[in-house]
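A short reminder: the numbers here are calculations on the coordinates, not readings from a lab. Not measured: the values here are computed from a predicted model. Cβ sites come from the backbone with ideal geometry, for glycine too, and all protein chains shown count toward neighbours.
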Amino acid sequence: MGGGDSVFMVSLLILCAGLVFVTAVAVRLVNNGKQKTDLKEERLAAVEDKLDKILIAMKEKSP
């Protein structure tokens, strides 16, 4: 009976390690997605600023 208990414990340990690994990968993917979103938002904000400057310049030049 003792051998069966050790096999069960090893399989349980492997299962827990797998859960930890999957959780770590999921957290990393979510964080990478947020970073990409932040970069896109920064780029969009920069484009909006440039467009605002262009619109202001066009309004100043128009008679």
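Observations on the structure shown:
- Angle in degrees between helix 2-61 and the longest Cα principal axis of the chain, rounded to the nearest 10: 0
- Residue order, fewest to most beta carbons within 10 Å, for Glu42, Glu60: Glu60, Glu42
- Prolate/oblate/rounded call for the chain, Cα gyration tensor, a/c under 1.5 rounded: prolate
- Estimated purely from DSSP H runs of n ≥ 4, each contributing -39500 (n - 2.57), the mean residue ellipticity at 222 nm for the chain is -36000 deg cm²/dmol once divided by its residues.
- Lysine pairs with alpha-carbon atoms under 23 Å apart, the chain, spacing 8 or more or separate chains: 6
- Full-extension gain in nm, Ala26 to Glu60, via 0.36 nm per residue minus C-alpha separation: 7.1 nm
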